[in-house]
Amino acid sequence: MNKRLATESVLVTLLFIIGFVAWNVVQGMITTKNYVPDLMNTASSGTPMQSKVAFGTIVRWDTTSMIMAVAGFILLAAAYYGLRSGMQRWTQRS
């Protein structure tokens, strides 16, 4: 196993994930900036406003989600490693 290529695979995978998260943050910022609430039609809908506040925590990452995220990271890194090593072998033959 080529250590340099394995390190490159992990770094490229991390960059892809960071880019994906940054893109989602930018999309959320743009959506929030462009949001205009419609107060006139909200009050006339007949639905009463919430009168109780729920306290507690929201579990966003359960065990299955964590396992899937780690597996996705490993698969992406392995796919990049396989692609790069295949390209290296192909260019060395030529």
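Looking at the chain, identify the longest residue range that excludes and avoids all trypsin sites (Lys or Arg not before Pro) in DSSP loops having at most 12 other Cβ atoms within 10 Å. With trypsin sites (Lys or Arg not before Pro) excluded where exposed in loops, the chain gives 1-51 as its longest stretch.
Order of 5-13, 62-70 by packing, highest average Cβ count within 10 Å first?
5-13, 62-70
Only one item in (1) 11.4; (2) 12.6; (3) 10.2 matches mean projected area of the Cα convex hull in nm² derived from the coordinates shown, and that item is (1). Extending 7 Å from Cα along the Cβ direction at M68 and again at L15 yields two label points whose distance is 2.8 nm.
I want the local charge near S9. Using Cβ-Cβ distances under 11 Å, sum +1 for each Lys or Arg and -1 for each Asp or Glu among the other residues.
Values: positive: K3, R4, R84; negative: E8.
Summing Lys/Arg as +1 and Asp/Glu as -1 gives +2.
Seen against the Cα atoms of the chain and their longest principal axis, helix 3-34 is set at about 20 degrees.
Using 0.36 nm per residue, how much length does the chain from M1 to Q27 gain when fully extended, once their Cα-Cα distance is taken away? Don't jump to the answer; show the numbers that get you there.
Details: separation 26, 0.36 × 26 = 9.36 nm, distance 3.90 nm.
So the extension gain works out to 5.5 nm.
Readers should treat all values here as calculations from the given coordinates under stated rules, not as data from a laboratory. These numbers were taken from a predicted model, which means no experiment stands behind them. Positions of Cβ are backbone-derived with ideal geometry, glycine not excepted, and every protein chain shown enters the neighbour counts.
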